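Here is the structure we will look at, set down as structure tokens.
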Amino acid sequence: MYFALTDDQRDFGAAVRDFLAGKFDTQAVRAVVEDPEGSGHPAALWQAMGEQGWLAVLVPEERDGLGLGMVDAQVIARELGAGVAPGPWRGTVLAAEAIRLAGSGSQQQQWLPKLAAGDVVGALALRGSIEDGWPAVEYAESADLLVVADNVGLRLLRRDEVTTRRLDSFDGTTRLATVTLADGVGEPLPGATSRALTELAARAAVLVAADLVGIARESLTRTVAYDRERKQFGVPVGSFQALKHHLADLHIGVTMAEHAVLYAAHALDTGSAASDDTVALAVAVAKSKASDTAAQMTGAMIQYLGGIGYTWEHEAHFFYKRAKRLAGTHGTADDHRARIAELTID
């Protein structure tokens, strides 16, 4: 069996990539990075996400979404990673997934169309509690609706029910904040069983992993392009054997990570109760491999660009810092390797 993206999925990815290249390139990203007091949530980019269906990818058609799957969602996440694009895309998509998986019919009717259209910004926090709050939540300050884990399941919190406190982040392509309850206790999602929570966490891990492999692939592409042009001793530095061999190894690693993420997304789309361990294993492999590979590739990018790679003026640090942060988001590589061992060693 030949397993690959369909033509429609490739076209979807190309549309995201072309939009970012033409309308929100790394110079636009730099404007966000160099404005740490700003929201980090560009209005024009958010509008495009809503209009082009990026936010609606997993929302069912009967709730005004596209009704697609995780394979399609990881296509978008990968391109956003490659473009180091800011904004609450992932938090909004995952908030919608939480409501789809665990919400009541009325909750789905109320919120899913708004999240799909970008009329409401969402955020997800799976670490924390009502008593202690939720740490380092992506785009919590911008969110109109937060889905948070509590002691027994999940609940919806509206913006006026929480207090947020901005956190500093070395990754300027995001905004982080702590969240605590201010007034009220929100609204529980009645279907938030342990299975629903496990599936939501898996979907979150795969979307982060897809962002990481997008970062890794773009970092490799930019590094190879530079080393083909940069000359030392009268020849391109990319012709030096030691560098060529290492870049070849990195290419293999990036490709393996891409395939692991694609398979994990496919497993989530097609999995059943009988294959829970198979899906969990695929997710753990994908997130651990993507975290390691992105860290290795972005570090090599800085090194193989030479002196310019260490400067603030070059965008290499956008990729490195984003990879560094996301490597620990929804489970570190070590966390997921421990899960692999649990699933495979008797």
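The values are calculated or read from the model by the stated rules, or taken from the named source; none is laboratory data. Since the structure is predicted, the reported quantities are computational estimates derived from the model, not experimental observations. Backbone-built Cβ (ideal geometry, glycine too); neighbour counts: all protein chains shown. Please note that ligands, DNA and RNA were not included when accessible areas were found on the heavy atoms of the full protein model with its side chains. Shrake-Rupley method; radii C 1.70, N 1.55, O 1.52, S 1.80 Å.
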The percentage of Cα-Cα pairs in the stretch 179-330 separated by more than 21 Å is 54
So who's got an amide H within less than 5 Å of the one on V162, skipping anything under 5 residues away but keeping other chains? H placed 1.01 Å off N, in plane. A182, D183
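At a 1.4 Å probe, what is the % contribution of carbon and sulfur to the accessible area of the chain? Can you show the working numbers first?
Details: 8050 of 15420 Å².
After summing per-atom areas, the C and S share lands at 52 percent.
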Nonlocal amide H pairs with G271, under 5 Å, H built at 1.01 Å: none
³J(HN,Hα), Karplus 6.51/-1.76/1.60, whole Hz, each residue of the stretch 96-104, x for Gly, Pro: 5, 5, 4, 5, 5, 6, 10, x, 6
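Under unit Cβ charges (Lys, Arg +1; Asp, Glu -1), what dipole magnitude, rounded to 20 debye, does the stretch 241-322 have relative to its Cα centre?
Details: 5 positive and 8 negative charges, 44 e Å.
Around 220 debye, computed over the stretch 241-322.
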Per-residue accessible area for I345 at 1.4 Å probe radius, Å² rounded to 10? 120
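From the protein chains alone at 1.4 Å, what is the descending order of accessible area for Y139, Y320, Y310, largest first? Please list the in-between numbers first.
Numbers: Y139 10, Y320 85, Y310 165 Å².
My answer, sorted largest first, is Y310, Y320, Y139.
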What number in nm² do you get for the stretch 60-118 if you take the convex hull of its Cα atoms and divide its surface by four? 3.9
The lysines whose Cα lies under 28 Å from the Cα of K114, excluding any fewer than 8 residues away in the same chain, are K23
Peptides ranked, highest mean first, by Cβ atoms within 10 Å: ranges 5-15, 276-286: 276-286, 5-15
What are the ³J(HN,Hα) couplings of the stretch 129-137, residue after residue, when phi is run through the Karplus curve with 6.51, -1.76, 1.60 and θ = phi - 60°? Round to Hz, x for glycine and proline. 7, 4, 5, 9, x, 10, x, 6, 8
So what's the angle, to the nearest 10 degrees on a 0 to 90 scale, between helix 7-23 and the longest Cα principal axis of the chain? 80
Nearest 10 degrees, 0 to 90: helix 70-82 Cα axis against the chain principal axis: 50
Cα radius of gyration and Dmax for the stretch 167-257 (Å): 21.8, 69
Using only Cα atoms, what is the ratio of the radius of gyration of the stretch 94-240 to 2.2 N^0.38 Å? 1.38
With angles folded into 0 to 90 degrees, how steeply does helix 276-304 sit against the dominant principal axis of the chain? Use alpha carbons for both and round to 10. 40
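Just to confirm, what accessible area per residue do you get for the stretch 254-325 at 1.4 Å probe, in whole Å²? Could you put the intermediate results ahead of the total?
Details: 2930 Å² over 72 residues.
For the stretch 254-325, the per-residue accessible area is 41 Å².
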Taking the chain as a Gaussian network, Cα atoms linked when under 10 Å apart, which of R127, R17, R228 shows the biggest mean-square fluctuation? R228
How would you rank 256-262, 196-202, highest first, on the average number of other Cβ atoms within 10 Å across their residues? 256-262, 196-202
Just order 333-340, 144-151, 207-214 by mean Cβ neighbour count inside 10 Å, highest at the front, would you? 207-214, 144-151, 333-340
Set of lysines with alpha-carbon distance to K324 below 20 Å, sequence-local pairs under 8 removed: K287, K289
Could you give the distance between the Cα centres of the stretch 143-193 and the stretch 59-117, to the whole Å? 17
Inverse of mean 1/r across different Cα pairs in the stretch 266-315, Kirkwood, Å: 13.3
Just to check I understand the Karplus step: with θ = phi - 60° and J = 6.51 cos²θ - 1.76 cosθ + 1.60, what whole-Hz values come out for the stretch 309-316, glycine and proline as x? x, 8, 8, 5, 5, 8, 7, 4
